Amino acid sequence: MYEAAAPEDLWSRVEPLLARVERPARYIDREWGAVVPPAADYRVALMYPDAYEVGMANQALQVLAGRLSTLPEVAVERVFVPWTDMAAALRQADVPLFTLESCVPVASCDLLGVTLPYELTYTNVLEALDLARIPLRASDRREGDPLVVAGGPSVHNPEPMAPFFDAMLIGDGEDAVIELVDTHRAVTGRGGSRSEVLQALAEVSGVYVPSLYERAKGGLRPRAGAPARVRRRVVADLSAYESPICPVVPYADVVHDRVTVEVLRGCSRGCRFCQAGMVYRPVRERRADDVVRDAIASLRCTGYEEVSLTSLSTADHSQLEEVLRRLTRRLEGTGIAISVPSLRVDSFTLSLARLLGEGRKSGLTFAPEAGSQRLRDVINKNVTEDELLATTRAAFASGWRRVKLYFMLGLPTETDEDVAAIGGLVARVMQAAREATPKDERGAVRVAVSVSTFVPKAHTPFQWAGQLPTAEVLRRQRVLRDSMPRKGVELSWHDAEVSFLEAVLARGDRRVADGIEAAWRSGAVFDAWTERFSHSRWREAFAAVGIEPSAIAFEPFEPGATLPWAHIDSGLAEPFLLLEWERAQAGHTTPDCTFEACTGCGVCGALGADIVLAGGERHG
Amino acid sequence: MAESFTLRVCFRKMGRLRHLSHLEVARACERAARRAALPYAVSAGFTPRMRIAFGPALPVGTAGEREYMDLVLTRFLPPAEACAALASVTVEELSPVACAYVSGKERSLAAALTIAEYDVHLEGGISHEGLERRIHAFMRTGTLSVEHKGKQKVYDLAEALPKEPMVVSCEDRVLIRMAVRMSERGSLRPDVFVAAALGPEVHVAVTRTDLLIEDQGVWRRPL
């Protein structure tokens, strides 16, 4: 072992660049709540692969930073992807990518942890690695390079990004990151090599080491010491972990710029297209006391003007009304707003509408997803039109004047009648909203309709389905537009070409990595930013490396075929997913196990976890 | 109407935080007031907001030694206590300098503050030699035409700069000390003036050192 020199503080070389770039507040650190990292033996850089103003909203990284900073001699810092102007300035001035807090080269850290929130951030990871001067591919990294580890939602099909990571962590990270860091330190501490580190990491539960798996007939074959399937990590009880009370408060205008308190994890409503609803099972609620305590403490520590109670389906929390009543009382007269995203139509009750309507009103969004009851049954979105209309009346009677509705095009079995039904449903929602609004205010009534394209995702009952070909998506968009009422309706689309790329990156195997690298080399970065996305650049990149993206996005998988993510065990039993796929095609719905009996998804048994309901039971 | 108290806070924006925009500073100050648990007043209406007002905006990249905000409180708190509470929840680079109450009838900071004093530090080892002569020669040209968002704006230098700029040597650096008059029609940016007088190749770091009220020809601080 050699004594490493203290890494260089790059600030004096970074600061002169700031006069030339937009929004320098992205790069300067010194926010309230930013922690000056201690001198430490082991340095961790945690990166969100997008611009500062997107990444600062991510709560997972805050949770993990909190967990890691409890370890002795470990320093944790933040990293984001510099915007294109800053990236050009860094390259021109020959300055490597730096951590925010101590402004040292990212490459000088021992571990670079990257969350993969969704597919369109993949090129940003390569951009950051390149700016950091870390070899893009794990196979090219040497002893002195940081260990590059991924986590987050998109690792449930890790393959398209697998060659760029030394290890990927599947599932809840609270305990797993600690074990990962301990293992890394233990092996390097006794002088172990990089390959010994990787071997040791493969033995940590939930850790996937891509280089230990090779392509073989019928999928990937593990080498000695690597498990055949990597089982997702899950923490049994959220109450055992502190929620981040004093997160960094950004100066720059960022998305979701507010206190967020996670009120529950998981959702077992069982929507068949929804990956989050499958891979974050089981439902684990936090207690009302803990939620209220953390919300108040965090508002006090940050000074934010809004608190958001987040989860996949917050209104399902068995004690939500109690939480809202207590928070509303505590925050009276402060001008602080309470927002509840991810509401479900069937759990947004009249009393909830009143409680939320008392303070500052934040946005109200519901996701019926499909226009016809037939298709809502196919996708297991157990919401009826009557419930949606009743909810709309309750909200507009409580003072809301705008509601946003999410729909999806291209769901399995969809017909033109289903598409046109969206327009009819929106018209009836509009009518209900107007009727519940005083006459002189009806001009202000708005229904925003956002329509995305179905992207089949790993570990869902729809994982076998192919995506609808893009030309057909565009035709159905026209059908929808023709069926949509105009007055008071704000209609917006997700770009079908973007959804196509998402499908390629979500369903592909390891070969897709070559396409991602080729796209980045030809300038693809910040693909989630509409003005930056180039469909032709991606098509050309795939062509250059001999990949036919349409086949990856559109071809269905045969039940029984080895899927690209077969070596990732999310805890869901394959027979359950297959049964759900069959029930979908028959139009049969499946209830939520937090309200009714167990549906046999297999997660609790496989992962040694159980449903945690703070109020003892849920009321449908 | 309930009783209210207008707390005037003088604060600094220094170091790395000089790269913040005016909006970013304003939002940070509001959040600091909440963290400090000051008894701030909230506006009535559909979206209640903290009753807070700021002096003239400081551009991104410009530091400020004595910037101001007025914060309306619902009950009296000794100014030193309010200042200490704010200091305990802010970082040094954006922190209070002084606090005092002003009459609620006082003109708004934005309207009352009409003089800004600046130190423009010249970077890159420029020597004192000849600078004064070049500045004065430029002043004698009488006007400065500035293009802003496609529009030409002509400043009368004697009007825009109520004092002759001074060249000061400070340790081993040279700075130009100047006062700028602010009006509804805008104010001449000191970095623009220096670039026009000395050439665009001169790199500068600008600090607004004071903001003043002009009262019948006499300049005074708002606190």
Report summary line: For the protein assembly as shown, the charge dipole (Cβ of Lys, Arg +1; Cβ of Asp, Glu -1; about the Cα centre) points to a positive end, and the Cα of A:152, A:222, A:311 closest to that extreme belongs to A:311
Report summary line: Here, residue A:215 and residue A:588, labelled 7 Å along Cα→Cβ, have an inter-label distance in nm of 3.9 nm
Query raised in the report: Among residues other than residue B:65 whose Cβ falls under 15 Å from its Cβ, what is the net charge (Lys/Arg +1, Asp/Glu -1)?
Result: +1
Query raised in the report: Using a Gaussian network model of chain B with C-alpha springs under 10 Å, which one of B:124, B:45, B:15 is most mobile by mean-square fluctuation?
Result: B:45
Report summary line: Per GNM of chain B with C-alpha springs under 10 angstrom, the most fluctuating residue out of B:13, B:151, B:163 is B:151
**Report entry** Under 30 Å from the Cα of residue B:149 - lysines, other chains or at least 8 residues apart
**Finding:** B:13, B:163
Query raised in the report: How many lysine pairs does chain A hold where the Cα atoms are under 26 Å apart and the two sit 8 or more places apart or on different chains?
Result: 10
Query raised in the report: Just B:140, B:18, B:185 to compare: in a GNM of chain B, with alpha carbon springs under 10 Å, which one fluctuates most?
Result: B:185
Query raised in the report: Are there GluC sites (Glu not before Pro) in the stretch B:41-138 that DSSP puts in a loop and that have at most 11 other Cβ atoms within 10 Å, and which ones?
Result: B:92, B:129
Query - Cross-link partners of residue B:105 among aspartates and glutamates (Cα-Cα below 19 Å; sequence separation of 8 or more within a chain) - result: B:3, B:70, B:214, B:215
Report summary line: Among B:167, B:216, A:169, the residue whose Cα sits farthest towards the positive end of the charge dipole of the protein assembly as shown, when +1 is placed on the Cβ of each Lys and Arg and -1 on the Cβ of each Asp and Glu, is B:216
**Report entry** Top positive-direction residue, dipole computed over chain A with Cβ charges, set A:536, A:363, A:464
**Finding:** A:363
Requested in this report: Determine the dipole magnitude for the protein assembly as shown: charges of +1 sit on the beta-carbon of Lys and Arg, -1 on that of Asp and Glu, nothing else is charged, the reference point is the Cα centre, and the result goes in debye to the nearest 20.
Outcome: 1920 debye
Query raised in the report: Which part of the stretch A:216-260 falls in the paramagnetic zone of residue A:293, meaning amide N under 12 Å from the point 7 Å along Cα-to-beta-carbon?
Result: A:239-243
Query raised in the report: Between residue A:69 and residue A:328, what is the spin-label point distance in nm, taking each point 7 Å from the Cα along the Cα→C-beta axis?
Result: 3.5 nm
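If you place +1 on the Cβ of every Lys and Arg and -1 on the Cβ of every Asp and Glu, how big does the dipole about the Cα centre of chain B come out, in debye to the nearest 20?
I would put it at about 700 debye.
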Query raised in the report: Which whole-Hz couplings ³J(HN,Hα) result when phi for each residue of the stretch A:151-164 is put into the Karplus expression 6.51 cos²θ - 1.76 cosθ + 1.60, θ = phi - 60°, listed in order with x for Gly and Pro?
Result: x, x, x, 6, 6, 5, 10, x, 4, x, 9, 4, x, 8
**Report entry** residue A:242/residue B:209 FRET efficiency (R0 41 Å; Cβ-Cβ; nearest 0.05)
**Finding:** 0.40
Query raised in the report: Between residue A:482 and residue A:374, what is the FRET efficiency for a Förster distance of 30 Å, r being their Cβ-Cβ separation, to the nearest 0.05?
Result: 0.90
Requested in this report: Within the stretch A:97-111, find all residues whose amide N lies under 19 Å from a label point positioned 7 Å from the Cα of residue A:6 along Cα-to-beta-carbon.
Outcome: A:98-110
**Report entry** Using θ = phi - 60° and Karplus 6.51 cos²θ - 1.76 cosθ + 1.60, couplings along the stretch A:293-310 (whole Hz; Gly, Pro as x)
**Finding:** 4, 5, 5, 5, 5, 6, 4, 5, 6, 9, x, 5, 9, 8, 10, 10, 9, 9
Query - Unpaired by the 4.7 Å Cβ criterion, cysteines found in chain B - result: B:10, B:29, B:170
Report task. Set the Förster radius R0 to 30 Å, insert the Cβ-Cβ distance between residue B:220 and residue B:43 as r into 1/(1 + (r/R0)^6), and round the FRET efficiency to 0.05. Result -> 0.50
Query raised in the report: Which value at 222 nm does chain A reach when only helices count, each DSSP H run of 4 or more adding -39,500 (n - 2.57), with the total divided by all residues and rounded to the nearest 500 deg cm²/dmol?
Result: -10000 deg cm²/dmol
Report task. Let me have the relative contact order for the stretch B:114-220, percent, based on Cα pairs under 8 Å that are six or more residues apart. Result -> 43 percent
Query raised in the report: Based on Cα positions only, what radius of gyration and what Dmax would you give for the protein assembly as shown, in angstroms?
Result: 29.4, 90
Report task. Give me the compactness ratio for the stretch A:441-582, meaning the Cα radius of gyration over 2.2 N^0.38 Å. Result -> 1.25
Query raised in the report: How many nm is it between the label spots at residue A:39 and residue A:475, if each spot is 7 Å from the Cα in line with the beta carbon?
Result: 7.0 nm
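Take A:184, A:588 and order them by how many other Cβ atoms sit within 10 Å, fewest up front.
Sorted ascending by nearby Cβ count, the order is A:588, A:184.
A short reminder: the numbers here are calculations on the coordinates, not readings from a lab. Since the model is a prediction, treat every value here as computed from it, not as a measurement. All Cβ positions, even for glycine, are placed from backbone atoms using ideal geometry, and neighbour counts span all protein chains on display.
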